[in-house]
Amino acid sequence: MSALGDEIKAMIASDGPITVERYMELALAHPELGYYMNRDPFGAEGDFTTAPEISQMYGELLGLWAAEVWGSMGRPNPVRLIELGPGRGTLMSDALRAARIVPEFRAALDVTLVETSPTLANIQYESLLTSGASIAWCASLGEAPEGPAIIFANEFLDALPVRQFVQRAGRWRERTVRLNDLGQLAFGLANDPEPYIKAEAEEGAVLEISAAGHRLMFELGARLVKQGGAALFVDYGHGVTGFGDTLQSVRAHRMVDPLADPGEADLTAHVDFAAMARSAQATGAAVYGPIDQGDFLRALGIDVRARALAERAPPDRADEFDLARRRLIGKGEGEMGALFKAMVVANRAVPPPPGFQPYPARQA
Ligand code: SAH
């Protein structure tokens, strides 16, 4: 068992079971032993791969998206370009390079990276050394500079902890992590049922609630309403609130037991976009989507971009752009196009952003 696993066991042995939410928080964000704190989890060598790591096209299209949104915001100068959970800094690096074709935008922006992991912040620093942009780091959105903003959050919401409630004999009980008879970590249920959840559901149904996600939506929505701008969230999840246990743990590109080695494997939950949208709307912000990542990237012109890159690539690399394109927008098994969704939260003065406009997507 991992060092963090031993620490969590000791914690439970002395103070009793912890909630799934607390477990997830410790597994990902324990200051020394949390999963993101001291590793680079991305890519073929790591545990999982994300859209910006699959292809430069992803960050480039998002950079051009941001330039268009900036134009529709009335070209504020300065404009804050903020990224939540930037991973290796790849998305931002590709976005800034693409944004050079709109020099006024490039000149107006300053970049803030919101990152809790010192290891990843260091990797981001290296990735962005030659970007030529002014970049600052902080640990929470609340510390980012004020003013009109364009915000990216790619695979960020799925890393925020969720509470889980399980239906048993007509009552909802919070799911916990406890020690079993062998002293191993095991799922359990709180003794006392929740008095305030009345939804009818089948025996064993699981309800997930991300308090951290709702807090973020309130904070971000309020900021955008007051100071202007738009935020783009891309993540895997569902557009309608429903029941189901979506807690999943991934290590070396395989699903593993979420309780096996806390701190050594990624641990995420699907994003309940409908729930996030409700909280954002409660602040007075507009919400667009969620729409499928595949439809979003097509509307931004990924087909044309992939062809242009292939034409300029040496022959032995010409295929890679089309393969990446298909992985990003395809809607079949192992492809991201339908599994991942894009949603925008924006100030009401910002018109529907590219990809979310109510006319049919541009044809390639
Ligand atoms: N956006 C990147 C990385 C996604 S992984 C990509 O798509 O490749 C999640 C990222 O969020 C990591 O950088 C992780 O360190 C960061 N993170 C997780 N929880 C966070 C929190 N509460 N505050 C700030 N950053 C967080």
- Item | Whole-Å distance, taken between Cα centres, linking region 196-210 and region 247-289 | 18 Å
- Query: Among I135, I150, I197, which one shows the biggest mean-square fluctuation in a GNM of the chain, springs joining Cα atoms closer than 10 Å?
  - Reply: I197
- Item | N122 versus A282: modelled label distance in nm, points set 7 Å from Cα along the beta carbon direction | 4.0 nm
- Message: 5 Å is the cut-off here: which amide hydrogens, built 1.01 Å from N in the peptide plane, fall below it relative to V102, excluding neighbours closer than 5 in sequence?
- Response: none
- Query: Could you list log10 I(q)/I(0) for region 268-323 at q = 0.14, 0.24, 0.25, 0.30 Å⁻¹, which the Debye formula gives when each Cα is one point scatterer?
  - Reply: -0.60, -0.92, -0.96, -1.11
- Task: Report the one residue of I123, S140, I150 whose Cα lies farthest in the direction of the positive end of the charge dipole of region 110-170 (charges on C-beta: Lys and Arg +1, Asp and Glu -1; origin at the Cα centre).
- Result: S140
- Place a +1 charge on the Cβ of each Lys and Arg in the chain and a -1 charge on the Cβ of each Asp and Glu, then give the dipole magnitude about the Cα centre in debye, rounded to the nearest 20. 1220 debye
- Relative contact order computed over region 136-231 (Cα-Cα under 8 Å; 6+ residues apart), in percent: 38 percent
- For E143 and M1, what does the FRET efficiency come to when R0 = 30 Å and r is the distance between their Cβ atoms, rounded to the nearest 0.05? 0.30
- How far, in nm, would the chain grow between E202 and R168 when pulled straight, counting 0.36 nm per residue and subtracting the alpha carbon separation? 11.4 nm
- Query: When the Karplus curve 6.51 cos²θ - 1.76 cosθ + 1.60 is applied with θ = phi - 60°, which whole-Hz ³J(HN,Hα) does each residue of region 219-227 get, with x for Gly and Pro?
  - Reply: 5, 5, x, 4, 5, 5, 5, 7, 10
- Task: Assign unit charges at the C-beta atoms only (+1 for Lys and Arg, -1 for Asp and Glu), then state the dipole size of region 222-364 relative to its Cα centre in Debye, rounded to the nearest 20.
- Result: 780 debye
- Treating the angle as unsigned and between 0 and 90°, give the value, to the nearest 10°, between the Cα long axis of helix 118-128 and the longest Cα principal axis of the chain. 10 degrees
- Sorted by chain and then number, the residues having a modelled amide H within less than 5 Å of the amide H of G237, at least 5 places away or on another chain, are V271, K341
- Task: Could you run the Debye sum over the Cα atoms of region 14-126, one equal point scatterer each and no solvent, and tell me log10 of I(q)/I(0) at q = 0.10, 0.19, 0.23 Å⁻¹, two decimals?
- Result: -0.39, -0.99, -1.22
- Note on the structure: Kirkwood Rh for the chain from C-alpha pairs, in Å, is 21.5 Å
- Query: Rounded to the nearest 0.05, what FRET efficiency do M255 and M11 have when you use their Cβ-Cβ distance and R0 = 25 Å?
  - Reply: 0.45
- Euclidean distance between Cα centres, region 1-77 to region 159-191, Å: 23 Å
- Message: As a test of the formula, what do you get for the chain when each DSSP H run with n ≥ 4 contributes -39,500 (n - 2.57) and the sum is divided by the residue count, at 222 nm and rounded to the nearest 500 deg cm²/dmol?
- Response: -10500 deg cm²/dmol
- Task: Just name one of Y288, A265, S2: the one whose Cα is farthest towards the positive end of the charge dipole of the chain (beta-carbon charges, Lys/Arg +1, Asp/Glu -1).
- Result: Y288
- Query: How large is ³J(HN,Hα) for each residue in region 332-342, as worked out from phi by the Karplus curve 6.51 cos²θ - 1.76 cosθ + 1.60 (θ = phi - 60°), to whole Hz, x for Gly and Pro?
  - Reply: x, 4, x, 10, 9, x, 9, 5, 9, 10, 10
- Item | Cα→Cβ-extended label distance, 7 Å offset, between E320 and F243, nm | 4.7 nm
- How much length is gained on full extension from E194 to D40, taking 0.36 nm per residue of separation minus their Cα-Cα distance? 51.6 nm
- What is the magnitude of the charge dipole of region 81-230 about its Cα centre, with +1 placed on the Cβ of each Lys and Arg, -1 on the Cβ of each Asp and Glu, and no other charges, expressed in debye to the nearest 20? 100 debye
- Message: Could you tell me the relative contact order of region 241-346? Use alpha-carbon pairs under 8 Å, at least six residues apart, and round to a whole percent.
- Response: 26 percent
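Values quoted throughout were computed directly from the atomic coordinates according to the rules given, and no laboratory measurement underlies them. Please read these numbers as outputs of a predicted model, since none were measured by experiment. FYI the Cβ positions are ideal-geometry reconstructions off the backbone, even for glycines, and counts take in every protein chain you see.
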